[in-house]
1. Look through 508, 504 and report the one residue that is farther than 20 Å from residue 372 by Cβ, assigned by TED's automatic domain parsing to the domain that holds residue 253, modelled with pLDDT of 95 or more and buried (at least 19 other Cβ atoms within 10 Å of the Cβ).
2. Is the stretch 313-332 home to any residue that is touching a residue at least 24 places away in the same chain (Cβ under 8 Å), under 30 Å from residue 460 (Cβ atoms) and crowded, with 22+ Cβ neighbours inside 10 Å?
3. Kindly indicate which of 26, 79 is within 19 Å of residue 215 (Cβ to Cβ) and assigned to a loop (DSSP other than H, G, I, E, B).
4. Find the residue count for the stretch 421-457, including only residues that are aliphatic (A, V, I, L, M), surrounded by 22 or more Cβ atoms within 10 Å (Cβ to Cβ) and over 29 Å from residue 528 (Cβ atoms).
5. Consider only pairs whose beta carbons are under 8 Å apart and that are at least six residues apart or on different chains; among these, list those whose first residue lies in the stretch 235-259 and is assigned by TED's automatic domain parsing to the domain that holds residue 356 and closer than 18 Å to residue 343 by Cα and whose second residue is within 15 Å of ligand 1 (Cβ to nearest atom) and among the acidic types (Asp, Glu).
6. Can you pull out the residues in the stretch 480-526 that are over 27 Å from residue 458 (Cα atoms) and in contact with a Ser or Thr (Cβ under 7 Å, 6 or more places away or on another chain)?
7. Any residue at all in the stretch 180-188 that is under 24 Å from residue 270 (Cα atoms), buried (at least 24 other Cβ atoms within 10 Å of the Cβ), more than 16 Å from ligand 1 (Cβ to nearest atom) and aliphatic (A, V, I, L, M)?
8. Tally the residues that are in a strand (DSSP E or B), without any contact (Cβ under 8 Å) to a residue 60 or more places away in the chain and not small (Gly, Ala, Ser), restricting the search to the stretch 121-134.
Amino acid sequence: MTTTGEHKLTVSSASVEGAPLSLEGLNPAALHHNPGVAELYEAALRRGEGHISTGGPLAVRTNKTGRSPKDRFIVEDDLTRDAVWWGGFNTPIAPAVFAALHERMQSYVTGRELFVQDLYAGTDPQHRIGVRFVQEMAYHSLFVRNLFVRPSADELAAFVPDWTVLNIPSFRADPERDGVRSDTFILVDFSRRTVLVGGTEYAGENKKAMFGVLNFLLPASGVMPMHCSANVGKEGDVALFFGLSGTGKTTLSADPDRALIGDDEHGWTEQGVFNFEGGCYAKVIGLSQEAEPAIYRTTTLYGTVLENVVLRNDHSPDLNDNSLTENTRSAYPIEFIDNIVPDGMGGHPKNVVFLTADAFGVLPPLSRLSEEQMMYQFISGFTAKIPGTEQGVVDPEPTFSTCFGAPFMPRHPGEYARLLAEKVRASGAKVWLVNTGWSGGKYGQGKRMSIGHTRRLINAALNGELGDVAFVREPFFDLEIPTAVPGVPSEVLNPRGAWADPVAYDAAARTLAGMFRKNFERFSAGVERGVTDCMPEPV
Ligand code: ATP
Ligand code: MN
């Protein structure tokens, strides 16, 4: 077990709580193997990493407040050369560069304190991989313990790591010497099955690095890896919610009437779906206790990590304070949500929902997609960022990110799209597009859809309440829109009708359709005709 006192640090290389620990090439002064929550709190406080917040969460601040996608590299070798879709977010690096940086990191940690957690990525015993996280920061150790799947005592005793993540934020790369882009780096080597992270304290890198690994590995065994949340209704009906950051995966999957499978990363196998994770990482900026009671509660619990949430003088969290970042987060084990699926697995989905936060106010709050439209939307991966809060009214900024997660998808988007289409066809799942963004005008003029209305629309779709409802087609994207949904005013269902000036709507829709067309040009050649036909026509 852990053998660290405040003043005397000693190395323990065997642990009663896990398989014998050997860390090749590392000579730390103190090693904590599978430390528990209380030990990690003490270590984090002793090391000055954070503070305890009202109710018990550990609150920390980080040097970077978001991921560093441009600093992620994949080692190019025989395993990856022809299988990775290079370019975009998938930047190659030579094996020798990885090896040299690895060595420098190993000597850097000599004489330092390290925290080691043995965890699974994946709840499904058939597809999970064992990951050994070797980390400098106690709070990262707690973060991965919260976010990944915690092995049972028996599993821990027999634990064999398939992968190792070495995460040392205080180690800064020297771009000239180390062959990387900045002092921050995330290097993934599929042959050594090792991830190196340095320069950034943002804990989300730990989870998204392993997400990228699974997204590369799983398609080889016919498993579709997905950037989506998942929950299941009382009838056992599974729903998936795809979407880019901020579109509502976490918010909308935490539904009191449906059990949560997971909030961000899943695989779809021959048997059904499984969560890659054992916890959630929820955005908490401006969180409302009324609209999101389950997630709100996690911000008051012992064991939760609050990242970049500002504490008041009395250490109560101010969830409205965005002075450090908009991207404030609560990281907690999934058990902190009341209604969950304990084994993190479910059957084949009955419904697949694509979430988008359209700040142009153009896309309908709910529409139904054909299989071709599904592939078209999946490859497009649209959402829109609201403009920065600088002076003047600025237009929203469109984001097109393939598979609703381009930074985490090492393979060609066509591979993922075909796999998804196969799974959807075999399961007969219905596919929906939901705009959780603006209605009645673009950002600054219209309003964001209320969480209550979005939930009602989604539940109507999932519960089969729309079977007898008439649908109409809008002219720009050819999307099928329901004409009536109980509990939601009909005016908002058709976006054109929600705008005060329908002519202004038409102009905005034409502009957005043009952005979709332009983005899709680079994929047209590689997809079937039926999918290309889903491109909005110039009107
Ligand atoms: P990430 O991939 O970064 O985890 P996410 O898809 O899980 O992102 P959420 O954390 O659910 O996104 O963020 C959605 C945000 O939008 C929340 O802050 C939520 O309060 C807010 N929101 C406002 N209106 C809606 C709506 N109608 N539906 C969903 N979320 C909404
Ligand atoms: Mn989320």
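The values are calculated or read from the model by the stated rules, or taken from the named source; none is laboratory data. Remember, it's a predicted structure, so these values are computed and weren't measured experimentally. Counting neighbours? That spans all protein chains shown, and the Cβs are built from the backbone with ideal geometry, glycine included.
1. Numbers: 504 fails: buried (at least 19 other Cβ atoms within 10 Å of the Cβ).
Selected residue: 508, the only one of 508, 504 that is farther than 20 Å from residue 372 by Cβ, assigned by TED's automatic domain parsing to the domain that holds residue 253, modelled with pLDDT of 95 or more and buried (at least 19 other Cβ atoms within 10 Å of the Cβ).
2. Yes, the conditions are met somewhere in the stretch 313-332.
3. Values: 26 fails: within 19 Å of residue 215 (Cβ to Cβ).
Going through 26, 79 in turn, just one is within 19 Å of residue 215 (Cβ to Cβ) and assigned to a loop (DSSP other than H, G, I, E, B): 79.
4. Summing the residues that are aliphatic (A, V, I, L, M), surrounded by 22 or more Cβ atoms within 10 Å (Cβ to Cβ) and over 29 Å from residue 528 (Cβ atoms) in the stretch 421-457 gives 2.
5. The qualifying pairs are 253/263; 254/263; 254/292.
6. Result: 519, 520, 524.
7. Taking the stretch 180-188 as the starting set, the residues that turn out to be under 24 Å from residue 270 (Cα atoms) are none.
The answer is no; no qualifying residue exists.
8. Of the stretch 121-134, the ones in a strand (DSSP E or B) are 121, 129-134.
If we keep only those that are without any contact (Cβ under 8 Å) to a residue 60 or more places away in the chain too, we end up with 130, 132.
Among the residues that remain, those that are also not small (Gly, Ala, Ser) are: 132.
The total comes to 1.
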